1. Filter the range 59-90 down to the residues that are in contact with an Asp or Glu (Cβ under 7 Å, 6 or more places away or on another chain) and not aliphatic (A, V, I, L, M) and list them by number.
2. Please find, among Leu134, Leu157, Leu123, the residue that is in contact with a Lys or Arg (Cβ under 9 Å, 6 or more places away or on another chain), in contact (Cβ under 8 Å) with a residue 24 or more places away in the chain and surrounded by 13 or more Cβ atoms within 10 Å (Cβ to Cβ).
3. Does Tyr86 qualify as being under 26 Å from Val55 (Cβ atoms), buried (at least 17 other Cβ atoms within 10 Å of the Cβ) and within 16 Å of the chain's Cα centre (by Cα)?
4. Go through (1) among the β-branched types (Val, Ile, Thr); (2) in contact (Cβ under 8 Å) with a residue 60 or more places away in the chain; (3) over 27 Å from Ser18 (Cα atoms) one by one and return the number of the condition Val191 breaks.
5. Please work out if Ala92 is of a type in the set (A, V, I, L, M), closer than 19 Å to Phe10 by Cβ, touching a Phe, Trp or Tyr at 6+ places or on another chain (Cβ under 7 Å) and crowded, with 21+ Cβ neighbours inside 10 Å.
6. I need the full set of residues from the range 101-117 which are surrounded by 14 or more Cβ atoms within 10 Å (Cβ to Cβ) and either of a type in the set (Gly, Ala, Ser) or within 23 Å of the chain's Cα centre (by Cα) (or both), in order please.
7. Could you please find all residues in the range 170-211 being of a type in the set (Gly, Ala, Ser) and within 16 Å of Ala151 (Cα to Cα)?
8. If we keep just the residues of the range 194-205 that are assigned to a loop (DSSP other than H, G, I, E, B) and touching a helix residue (DSSP H, G or I) at 6+ places or on another chain (Cβ under 6 Å), which is surrounded by the most Cβ atoms within 10 Å (Cβ to Cβ)?
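The values are calculated or read from the model by the stated rules, or taken from the named source; none is laboratory data. Model, not experiment: these values are computed from the prediction. Here Cβ is always computed from backbone atoms with ideal geometry, including for glycine, and neighbour counts include all displayed protein chains.
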Amino acid sequence: MYFFVAAALFLLGASLGSFINVIALRLLSGESFLRGRSHCPACGSVLSWRELIPVVSFFVLRGRCRSCRAPISFRYLLVELAMGSYAAFLGASLFSSRLALPFPNFAAAFTGGEVFFYLLLYLAIGSLALILLLVDFDTKLILTALTRGMALAGIILIMAEFFSTPTELLLSPPLLQALLAAGIGLFFAGVWFFTSGRGMGLGDAELALALSLFLLYPRAILMLLAAFWAGALWGIGLMVFAGYDKKSQIPFGPFIILGFVVALFWGSALLPYLLPLI
């Protein structure tokens with residue numbers, strides 16, 4: 001049963017990944033992603049449905065355009081595999097009740113059930129985060145319209161949860177969650193301010209705040225730690241093997257998103273070991 005659900009979710013996620021590729025590329029080129037058929041960026045030929053099957057088409061075409069034989073970027077395959085794996089693992093974790101998630105009262109009142117609510121919510125968050133990651137990787141810029149939209153949705157959910165939580169104000173999990181998210185956003189904003197934008201961009205602060213709103217307290221701390229550790233390791237690797245120096249610009253948004261995924265799926269397992277060290 002779980003295998004078929006995971007397989008179906010992988011296909012759904014891979015299909016979302018294919019669409020995310022289109023959105024990210026067209027946002028950069030200025031094309032509309034709502035109109036116009038998919039086409040080869042090299043020769044402009046319109047792609048048939050056989051060339052648009054997530055993951056499968058890349059291997060059938062052997063990584064080359066059917067019309068002009070230009071190589072297809074490996075990034076298409078990676079994004080489809082990443083989103084497919086995320087969706088499958090999310091579904092498996094939800095159905096096996098391995099995740100500790102925010103907004104339990106709101107989720108319980110959702111018409112389709114808690115699992116369906118969380119599946120829709122975190123597929124949407126994952127899709128938006130992946131678009132942000134791809135654009136940030138290419139341009140070193142964060143699309144603030146997306147981060148602010150996510151933050152607004154998170155604030156609305158936290159407010160709905162807060163007013164439906166029968167606990168004392170200072171002990172309310174939604175309030176603690178919101179305060180921690182604000183603190184993390186201010187921390188990143190402080191880094192931006194005191195380094196005059198050289199350490200990271202203000203968009204990173206908005207992204208960190210937005211994603212923190214969707215992590216159960218205190219998992220956003222793990223997101224912060226994982227982001228900095230992964231970013232530091234990546235930076236050291238680039239300095240050692242690719243000739244980067246301290247002045248080289250490295251987009252930090254992808255590491256914040258990686259930290260979010262780590263905190264979402266493995267927060268319960270890692271936090272007991274990490275919190276005593278903070």
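1. If we filter the range 59-90 for residues that are in contact with an Asp or Glu (Cβ under 7 Å, 6 or more places away or on another chain), which is where we start, we get 61, 66.
Across the range 59-90, the qualifying residue is only Arg66.
2. On the way: Leu157 fails: in contact with a Lys or Arg (Cβ under 9 Å, 6 or more places away or on another chain); Leu123 fails: in contact with a Lys or Arg (Cβ under 9 Å, 6 or more places away or on another chain).
Exactly one of Leu134, Leu157, Leu123 is in contact with a Lys or Arg (Cβ under 9 Å, 6 or more places away or on another chain), in contact (Cβ under 8 Å) with a residue 24 or more places away in the chain and surrounded by 13 or more Cβ atoms within 10 Å (Cβ to Cβ), namely Leu134.
3. Details: under 26 Å from Val55 (Cβ atoms): yes; buried (at least 17 other Cβ atoms within 10 Å of the Cβ): yes; within 16 Å of the chain's Cα centre (by Cα): yes.
Criteria met by Tyr86.
4. Result: Val191 fails condition (2) only.
5. On the way: of a type in the set (A, V, I, L, M): yes; closer than 19 Å to Phe10 by Cβ: yes; touching a Phe, Trp or Tyr at 6+ places or on another chain (Cβ under 7 Å): yes; crowded, with 21+ Cβ neighbours inside 10 Å: no.
No: the conditions fail for Ala92.
6. If we filter the range 101-117 for residues that are surrounded by 14 or more Cβ atoms within 10 Å (Cβ to Cβ), which is where we start, we get 101-107, 110, 114-115, 117.
Matches in the range 101-117: Leu101, Pro102, Phe103, Pro104, Phe106, Ala107, Glu114, Val115, Phe117.
7. Within the range 170-211, the first condition is being of a type in the set (Gly, Ala, Ser), and the residues that meet it are 172, 178, 181-183, 185, 189-190, 196-197, 199, 201, 203, 205, 208, 210.
If the condition is that a residue be of a type in the set (Gly, Ala, Ser) and within 16 Å of Ala151 (Cα to Cα), then Ala178, Ala181, Ala182, Gly183, Gly185, Ala189, Gly203, Ala205, Ala208, Ala210 are the ones that fit.
8. Just the residues of the range 194-205 that are assigned to a loop (DSSP other than H, G, I, E, B), to begin with: 195-201.
Add one more test, that the residue is touching a helix residue (DSSP H, G or I) at 6+ places or on another chain (Cβ under 6 Å), and what stays is 199-200.
Values: Gly199: 14, Met200: 24.
Looking at the filtered set, the residue picked out is Met200.
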